[in-house]
Amino acid sequence: MEKDFYKRNRNKLIEKMKKDSIAIVFSGQSIHRSADAEYPFLVNRNFYYLTGLEEENIILMIIKKEGEIQEELFIEQADPLKEKWIGKKYSKEEVENISGITRVSWIHDFKQRFTSLLDSQFFENVYLDLERTQWDQQGDLRFRFSEIIKDKFPYLLIKNLYSILREFRTIKEPEEVEKIQKAIAITKEGIHSLMKQMRPGLKTYQLEAYFDFAIGYAGARDNAFESIIAPGEKAVILHYVKKQDTIKEGELVLFDVGADYQHYCGDISRTLPVSGKFTPRQKELYNIVLKAEEEVIQAIKPGLPFNELNQIAKKVLAEECIKIGFIQKEEEISQYYYHGVSHYLGLDTHDIGRRNQKLEPGMVLTVEPGLYVEEEKIGIRIEDDVLVTKEGCQVLSKEIPKKIEDIEAIMG
């Protein structure tokens, strides 16, 4: 991304901020694992969206006064000895070139700078990125800072900028769509490798290795999420991530996989026959799922309520299952399809965005209906990534085979 992209994102946030306000956004910190090891650092996606910076322990501060806007970044000062072990930190010049923010200070000056601002000028609000999705979610640096504000500066009103950024990130800019398309193209390489290498007797961790090598070789930064590789009866478990199973002749294997390309995600599901050919029963159920997916995709257009997508999927699945005598009543479909058909996609695999809004051009969604028949040891999910356009939608993953004849032609 060019720095103008991050400037535009900050300007949109500034427009939403009230005057006499300060916004504070943290890049995040590594999480201790054990001994002297830490988990791989993942930059806070809202911080990245506003700055383009990827290192831990950086703070963005935006000040909005009447007719005056100031932007400042606080970064860690280089430690020459530490850099011998972990590499160089950002310089002030690099930070400016990436983010477009010209005022860059050392992070050890942040507390004094923040306190001096509040002492010398009138401020009413402080905006923090307070994302919380679960009641018992452990608070991180953002929430600890909010407690400091309440304790030391109780006259400040805390406002949540997460809800503001959620609205912005839901609508993708063209350069973001390009990154997502690249992530999907890399994911395709990994899926193609799976299709060519799959055979009875392989362990699922071996299949995962084929996928990981292919996407890494094609330019992925990492996996967008932990790969789901679920053979046979394990495919009825939606997020099955154990990789110790041996795949068997005649089984179907459900793959839910994605590549991360410069922090943007692909998310694709395919269900493949180990033998290279679907059985008649597998074909029957597979084509029901495929029809549901295609009808949901066909229905996508601006103005359609997001929640209606799942109702379309359930209706098609139920009608088709009734036709073949698998169920007798529509409500019975909930025994065999028990998740939503769509989520937003972008900087996060399950990207932020409200589920109770209408679709708009620029949204990127997944479409992923499924059928999960435990008694037959069959789980099927087919997932594509789509961009909502002014006229309808564009399937970004259309090059990844999903029709039975195309899959069998490749795997045969």
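The reciprocal of the average 1/r between distinct C-alpha atoms defines the Kirkwood hydrodynamic radius, which for region 5-126 equals 15.5 Å.
So which of Lys315/Lys358; Lys88/Lys242; Lys182/Lys248; Lys234/Lys277; Lys12/Lys65; Lys111/Lys172 end up more than 27 Å apart by C-alpha? Exceeds cut-off: Lys88/Lys242; Lys182/Lys248; Lys111/Lys172.
The slack between Asp136 and Asp20, meaning 0.36 nm per residue of separation minus the straight C-alpha distance, is 38.5 nm. Dividing the radius of gyration of the alpha carbons in region 1-53 by their Kirkwood radius gives 1.14 for Rg/Rh. If you average the alpha carbon positions of region 17-42 and of region 172-206, how far apart do those two centres end up, in angstrom? Result: 30 Å between the Cα centres. With coordinates expressed along the principal axes, the C-alpha atoms belonging to region 323-392 extend over 40, 23, 20 Å, beginning with the largest. The Kirkwood hydrodynamic radius of the chain, based on inverse pair distances between different Cα atoms, is 23.5 Å. The length gained on full extension between Tyr162 and Tyr338, counted as 0.36 nm times the residue separation minus their Cα-Cα distance, comes to 60.4 nm. Here the gap between Lys82 and Glu249, fully extended at 0.36 nm per residue and compared with their Cα-Cα distance, gives a gain of 54.9 nm. Within the straight-line cut-off of under 19 Å between alpha carbons, the lysines reachable from Lys179 are Lys3, Lys7, Lys188, Lys398, sequence neighbours fewer than 8 places apart in one chain being disregarded. First check a/c for region 147-219, with a ≥ b ≥ c the square roots of the eigenvalues of its C-alpha gyration tensor; if it is under 1.5, answer rounded, and if not, answer prolate when a/b is larger than b/c or oblate otherwise. Prolate shape, in that a/c is at least 1.5 and a/b is the bigger ratio. Once the Cβ-Cβ distance of Tyr217 and Asp109 is raised to the sixth power relative to R0 = 56 Å, the FRET efficiency obtained is 0.80.
Protein heavy-atom surface of the chain, 1.4 angstrom probe: 48% of the accessible area is carbon and sulfur, with nucleic acids and ligands not counted. Local charge for Gln29 was computed over the other residues whose Cβ lies under 12 Å away, with Lys and Arg +1 and Asp and Glu -1, and equals -3.
Entry note, the chain: relative contact order of 13 percent, from Cα contacts under 8 Å with a spacing of 6+ residues. Of all the C-alpha pairs in region 288-340, what % are more than 12 Å from each other? Value for region 288-340 (Cα pairs over 12 Å): 62 percent. When the surface is traced with a 1.4 Å probe over the full set of protein chains, Leu81 keeps roughly 110 Å² accessible.
Would you list the P(r) distribution for region 241-388, with all Cα-Cα distances sorted into 5 Å bins from 0 and each bin expressed as a whole %? The calculated distribution, bin by bin, is 2, 9, 18, 20, 18, 15, 10, 5, 1, 0. Give me the percent of DSSP beta bridges within the chain that run antiparallel, rounded to the nearest 5. If we restrict to bridges inside the chain, about 80 percent are antiparallel. When the label point is put 7 Å from the Cα of Ile324 along its Cα-to-beta-carbon vector, which residues of region 363-378 have a backbone N closer than 20 Å? In region 363-378, the label zone of Ile324 (backbone N under 20 Å from the point 7 Å along Cα→Cβ) covers 368-378.
The values are calculated or read from the model by the stated rules, or taken from the named source; none is laboratory data. What you see is a predicted model; the values in this text were computed from it and never measured. Don't worry about glycine lacking a Cβ; one is built from the backbone with ideal geometry, like all the others, and counts go over all protein chains shown. Quick note on the areas: whole protein, heavy atoms, side chains included, nothing else; ligands and nucleic acids left out. Shrake-Rupley method; radii C 1.70, N 1.55, O 1.52, S 1.80 Å.
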